[in-house]
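The values are calculated or read from the model by the stated rules, or taken from the named source; none is laboratory data. Here the structure is a predicted model, which means the values were calculated and not measured. Quick reminder, even Gly has a Cβ in these numbers, built from the backbone with ideal geometry, and neighbours come from all protein chains shown.
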Amino acid sequence: MNQAANFGGKNSETTNQLWKYVSSLEPDTMARLSQPASDEVLQVMERHVVAMLGQLPSEHFDVMINTSRENLGRLVASAMMNGYFLRAAEQRMAFENMMQDSATPVGDRPSEP
């Protein structure tokens, strides 16, 4: 049995369909989907992962993290959910800024450099 399809410990029809879909994506599509939309999102995600794992200066410590397959799955799921949340928040912020700009009369808007 394909271990990747059974990563979460459940072998359901939905999991297999999702795995088939992700596996069918072109490499360039996967690369685009894997990249954060902005540097701000990347920084927040990095801080989130560091907060979950902890950070010690690599020049003084040889850090090795051991975990179970189940806990690693939870960590990945948490990072994914955080990424989805941040993307939604980023889109909402852009939408609110656009609405605010459209409500401001043209003469009152700050000039762009």
Say whether the condition of being part of a loop (DSSP other than H, G, I, E, B) and surrounded by 10 or more Cβ atoms within 10 Å (Cβ to Cβ) is met by at least one residue in segment 89-103. no
(1) within 25 Å of residue 93 (Cα to Cα); (2) at pLDDT below 75; (3) in contact with a Gly (Cβ under 9 Å, 6 or more places away or on another chain) all hold for residue 7 apart from (1)
Residue count, segment 24-40, condition among the hydroxyl-bearing types (Ser, Thr, Tyr) and either surrounded by 12 or more Cβ atoms within 10 Å (Cβ to Cβ) or not in a helix (DSSP H, G or I) (or both), comes to 1
Of the residues in segment 20-57, those that are basic (Lys, Arg) and modelled with pLDDT of 80 or more come to 20, 47
So, first residue closer than 17 Å to residue 77 by Cα in segment 39-64, second residue loosely packed, with under 10 Cβ neighbours inside 10 Å, Cβ within less than 8 Å, six or more apart or across chains; the pairs are 53/65
Filter segment 41-54 for residues that are of a type in the set (Val, Ile, Thr) and touching a helix residue (DSSP H, G or I) at 6+ places or on another chain (Cβ under 7 Å); the one that is surrounded by the fewest Cβ atoms within 10 Å (Cβ to Cβ) is 49
